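**Student:** Next up is a structure, given as structure tokens.
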């Protein structure tokens, strides 16, 4: 039988969910408060996942921005693998694949292609049946270009390339053959994580730490960095080039 504390906790969560729903509806009906929604999104994104601000306002932000859940990730992986594309998951989900389970909410999914120029169109075509459509192409720091696609119901994916020259310089691989796939030149940078007991290709802790450098980190990055540091040097099994 659940104890009183369990019942109180469930009541609190139910009340919080109801309040979140009412506030979300109010802000959506009154577009003059869009700036409030942007402020909430920014503050939650910059705060640690366990902070009171994130716990209270995180569900509201997820309602506005959408959320990539484990089932959504696996649908994307299925679609890309069906086309025999060489890819790895990066970003927040890449960290959680190393952990073996979700550790926080995720706004989107970062997919890194081995050969962006050759495969980005195929990747978009593979994801089109899931409802994803191109939104815009942006520049990045370590991973560029960044092709943002969206399914219109709260799921976003960034299809990414790797700035090979910048990566080779950072790793001291200036003599590497630029025509050789990066996973062949530096196989230790790529590994396989797990999600719901399933193996999923992802970037190694070492490479994800490198890709978290050169810019100001957000609050949600603190937990990711701690996990990556704990994993770095543990010798994750390298993924086999696919």
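**Student:** Select from the range 182-217 the residues that are surrounded by 14 or more Cβ atoms within 10 Å (Cβ to Cβ) and part of a loop (DSSP other than H, G, I, E, B) and list them in ascending order.
**Tutor:** Across the range 182-217, the qualifying residues are 186, 204, 212.
Results for (1) within 28 Å of residue 141 (Cβ to Cβ); (2) assigned to a helix (DSSP H, G or I); (3) modelled with pLDDT under 65, shown as yes or no for each residue.
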position	(1), (2), (3)
18	no, yes, yes
22	no, yes, yes
38	yes, yes, yes
59	no, yes, no
62	yes, yes, yes
71	no, yes, no
85	yes, no, no
88	yes, no, no
96	yes, yes, no
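**Student:** Only residues that are surrounded by fewer than 18 Cβ atoms within 10 Å (Cβ to Cβ) and in a strand (DSSP E or B): list them for the range 102-145, please.
**Tutor:** Matches in the range 102-145: 133, 134, 135, 136, 137, 138.
The values are calculated or read from the model by the stated rules, or taken from the named source; none is laboratory data. All figures in this text were calculated on a predicted structure; none of them were measured in a lab. Cβ sites come from the backbone with ideal geometry, for glycine too, and all protein chains shown count toward neighbours.
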